1. Mind running the shape call on the range 77-158? Use the C-alpha gyration tensor, a ≥ b ≥ c as the square roots of the eigenvalues: rounded below 1.5 for a/c, prolate if a/b tops b/c, oblate otherwise.
2. In whole angstrom, how far apart do the alpha carbon centroids of the range 132-193 and the range 14-80 sit?
3. Taking H placed 1.01 Å from N in the peptide plane, check which residues at least 5 places from residue 103 or on another chain put their amide H under 5 Å from its amide H.
4. Skipping prolines and chain starts, which residues have an amide H placed within reach, meaning under 5 Å, of the one on residue 178, given they are 5 or more residues away or on another chain?
5. In nm, to one decimal, how far is the residue 189 label point from the residue 2 one, both placed 7 Å along Cα→Cβ?
6. Could you list 137, 107, 61 so that the one with the fewest beta carbons within 10 Å of its beta carbon is first and the one with the most is last?
7. What order do you get for 140, 124, 65 when you list them from fewest to most C-beta neighbours inside 10 Å?
8. Which residues does a label at residue 28 reach in the range 97-127, if reach means a backbone N under 19 Å from a point 7 Å past the Cα toward the Cβ?
Amino acid sequence: ADKETILNVDVSNETYDSLIPQLFHRIEEQQHSFIVAVNPEKIMKAEQNADLRELINAADYQIPDGIGVLLASRLQGGRITDRITGVDLMMAIIREASRQQKRIFLYGAKPGVAEEAKAQLQKDDPNVHVAGVMHGYTDDNDAVIEAINQSQADIVFVAKGSPAQEQWINDNKSRLHASVFQGVGGSFDVIAG
Ligand code: UDP
């Protein structure tokens, strides 16, 4: 994948049109895709914090979620010109998952929120297959892994705030049969309305 480095943080040079086909190809290949959204604030934090930097750089895709990232790329003679926001990428993945009948799991947010987000998504598009949901306040991580694997989800959205959600993905993806993992912050709350 095409990347640039901004203050030692990797940033992917992708568009929705380049990224979506890659992700769905990687589902067929049973390859993991760990996606993190980066904005200038996260890049500045990562510059001061080696653990955070390693976590971000451990992802397969670091999407440029902020105009400041595009500006930084331009200032260093880079080629990243398209902003990809976390929530827009999530919705684009969901649309393609609906088209290809891939299974989605929603993990995170307060009890009831992921259920409500599932209902909203399926109301907007009855073909969306949300195979399971789990709130983000359980201590029983094994139960979370079990629920996701049982659901046979291809795509897992993790809404536990950053960087907790990215840490969770990095720590647990080797035990999960799903392919695509995206940290999506407060998106379930937004979708649930
Ligand atoms: N959250 C969670 N478990 C926790 C802490 C937070 O599921 O232990 C959820 C919280 O309910 C909210 C989301 O994580 O839905 C965090 O949203 P926020 O907007 O704070 O995240 P950001 O996008 O700023 O990283």
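1. Working: a/c = 1.90, a/b = 1.43, b/c = 1.33.
It is prolate, given that a/c is not under 1.5 and a/b is the larger ratio.
2. 19 Å
3. Residues meeting the criterion, in which the H sits 1.01 Å from N, are 154, 155.
4. Under 5 Å from the amide H of residue 178: no residue qualifies.
5. In this crude spin-label approximation the distance works out to 3.6 nm.
6. Working: 137 10, 107 26, 61 23.
Listed from fewest to most nearby Cβ atoms, that is 137, 61, 107.
7. Numbers: 140 10, 124 13, 65 22.
Ranked by crowding around the Cβ, least crowded first: 140, 124, 65.
8. 97-104
Bear in mind these aren't lab numbers, they're just calculated from the coordinates by the rules spelled out. Just so you know, these numbers come straight off a predicted model, no measurement behind them. Backbone-built Cβ (ideal geometry, glycine too); neighbour counts: all protein chains shown.
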